[in-house]
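In what follows, a single structure is set out as structure tokens and then discussed.
The values are calculated or read from the model by the stated rules, or taken from the named source; none is laboratory data. This one's a predicted model, so the numbers in the text were calculated from it and none came from an experiment. Cβ coordinates were reconstructed from backbone atoms using ideal geometry, including for glycine residues, and neighbour counts include every protein chain displayed.
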Amino acid sequence: MSRRDGLTTVELMVTLFVAALFILSGYQLYNAVNLRAGNSREMSEASNIAYRILREQAIYDSSFTKDTSSTCPSSSTLSPTPTLPANTLPNPVVSVYRCYIGTDSDLQRVTVQIEYGNDTPKRKVVHATYVSPS
């Protein structure tokens, strides 16, 4: 039996199989990187929007009354309603919370929360700051 130079059919099939495994694993890695990049972009956008709204809302509200029964209200309405950039976040819901810190302080805590996404549970970004009368 003589041996010729080159690859046998079995060697060629094994080589093609190993190459296909590398290509499939590379494709899975590519998809994972793209998914994470999209999630990071959405989180960054939500954070930027929440910070912008926080800077708009972070003024002392002297008409806001102290609620001694609880530390924070469940939610407060935004006036005016902030304009969100179109088509940047999937299903965004903006909430602004304002409460006094303690019963004998004039310091107010302003919190902006944005929930977004089509997942359950939704993803959330929260920014907060403190404001005083002076």
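Would you say Thr83 is out of contact with any strand residue (DSSP E or B) (no Cβ under 9 Å at 6 or more places or on another chain) and modelled with pLDDT under 80? Working first, answer last.
Working: out of contact with any strand residue (DSSP E or B) (no Cβ under 9 Å at 6 or more places or on another chain): yes; modelled with pLDDT under 80: yes.
So Thr83 passes the test.
Looking at region 7-18, can you tell me whether even one residue there is farther than 23 Å from Gly117 by Cβ, outside any helix (DSSP H, G or I) and in contact with a strand residue (DSSP E or B) (Cβ under 8 Å, 6 or more places away or on another chain)?
First pass over region 7-18, keeping only residues farther than 23 Å from Gly117 by Cβ: 7-18.
Cutting the leftovers down to outside any helix (DSSP H, G or I) gives us 7-8.
Now restrict to residues that are in contact with a strand residue (DSSP E or B) (Cβ under 8 Å, 6 or more places away or on another chain): none.
Taking every residue of region 7-18 in turn, none turns out to be farther than 23 Å from Gly117 by Cβ, outside any helix (DSSP H, G or I) and in contact with a strand residue (DSSP E or B) (Cβ under 8 Å, 6 or more places away or on another chain).
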Subset tally (residues that are within 22 Å of Phe64 (Cα to Cα) and either of a type in the set (A, V, I, L, M, F, W, C) or in a loop (DSSP other than H, G, I, E, B) (or both)) for region 85-113: 12
Test: Ala37 is out of contact with any Lys or Arg (no Cβ under 6 Å at 6 or more places or on another chain), over 23 Å from Asn118 (Cβ atoms), free of Cβ contacts under 8 Å to residues at least 24 places away in the same chain and part of a helix (DSSP H, G or I): no
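Conditions tested, residue by residue: (1) touching a residue at least 24 places away in the same chain (Cβ under 8 Å); (2) over 19 Å from Met43 (Cβ atoms); (3) of a type in the set (Gly, Ala, Ser); (4) surrounded by 13 or more Cβ atoms within 10 Å (Cβ to Cβ).
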position	(1), (2), (3), (4)
Tyr97	yes, yes, no, yes
Tyr100	yes, yes, no, yes
Asp104	no, yes, no, no
Arg109	yes, yes, no, yes
Gln113	yes, no, no, yes
Pro121	no, no, no, no
Lys124	no, no, no, yes
Long-range neighbours under 6 Å by Cβ, at least six apart or interchain, first residue on the phi > 0 side of the Ramachandran plot and assigned to a loop (DSSP other than H, G, I, E, B) within region 40-64, second among the small types (Gly, Ala, Ser) and at pLDDT below 90: none
